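The values are calculated or read from the model by the stated rules, or taken from the named source; none is laboratory data. Being a predicted model, the structure only gives us computed values, none of them experimental. Positions of Cβ are generated from backbone atoms using ideal geometry, with glycine treated the same way; all protein chains shown enter the neighbour counts. We work out accessible area using only protein heavy atoms, side chains counted, and drop any ligands, DNA or RNA first. Shrake-Rupley method; radii C 1.70, N 1.55, O 1.52, S 1.80 Å.
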Amino acid sequence: MRAITVPGTEGYAEDAAWLIPRYESVSFVDKYRAVSHLIPAAPSTILDIGAGTGVDSSWLAELGHDVVAIEPVTAFRDAGIKLHPSRRIEWIDDSLPGLVKIAQREKEFDAVLISAVWGHLAPDERRLAMSNIVPLLKSAAVLVISIRHGLAPANRRVFEISADDTIELAKSFGLEMTLIARMPSIQPLNCQAGVTWSWLAFKRSYAP
């Protein structure tokens, strides 16, 4: 029986063999340098949506955080479990925009990270995703989203998204932007191709 591809993950399973070592070569500190100061300092609960091979989740777990790593691509999830075994990381086969499995838990988090995922969602999917993300945020939580700008591989479903559109979408769901930063890609091939990233951070503008 052929596996069903989650919309937005097209091309990743096919490219997993060379993407896994590429993901593993990028450290959390380098990737998140624009927003790392916003990550809670005290041990917290963190949701890593689109966790890939778990590099970010592992770094957070080593700091004492309890991390739920959501990753719909089986090859990445299996690699993460093998490469980054930790009792502080729970892996879940779930995905945006629905987040069906994590929503069923009715659990809130101190931080939600969505790195290199947002651009795979169509406009209606982004609105649905935001509606499902906001209930997962504690009243003082931080939401971090990174948005890719530039050419993408032909076998991926990628939309060019502006930071302003995402800020307005978040605002419509009661979130306030606390940071915006435009950064070059830290991966050499992407950097050579002119790929840049917008990093956005949000908090609730009112109590739930």
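Figures for the structure shown
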| quantity | calculated |
| --- | --- |
| Helix-only [θ]222 nm of the chain, DSSP H runs n ≥ 4, -39500 (n - 2.57) each, per residue, nearest 500 | -7500 deg cm²/dmol |
| Separation of the Arg33 and Thr178 label points, Cα + 7 Å toward Cβ, nm | 2.2 |
| Whole-number percent relative contact order across the range 117-183, with pairs defined as alpha carbons under 8 Å at least 6 apart | 38 |
| Across Lys101/Lys138; Lys82/Lys107; Lys31/Lys138, pairs whose alpha-carbon gap is larger than 21 Å | Lys82/Lys107; Lys31/Lys138 |
| With DNA, RNA and ligands ignored, accessible area of Arg127 (1.4 Å probe; Å², nearest 10) | 120 |
| Alpha-carbon centroids, the range 20-92 and the range 120-167: separation in whole Å | 18 |
| Percent RCO, i.e. relative contact order, over the chain, from Cα pairs under 8 Å lying at least 6 residues apart | 19 |
| The range 60-208 - convex hull of alpha carbons, volume per residue in Å³ | 128 |
| Evaluated over the range 89-167, the Cα radius of gyration and Dmax, each in Å | 13.2, 40 |
| Carbon/sulfur fraction of accessible area - the range 1-117, other protein chains in place, 1.4 Å, % | 55 |
| In nm, spacing of pseudo-spin labels at Ala41 and Ala17 (7 Å Cα→C-beta vector) | 4.7 |
| Estimated FRET transfer efficiency when R0 is 25 angstrom, pair Asp78-Asp124 (beta carbons, to 0.05) | 0.25 |
| Stokes-Einstein translational diffusion, the range 11-116 - Kirkwood Rh over all Cα pairs, 1.306 mPa s, 10 °C, in µm²/s | 114 |
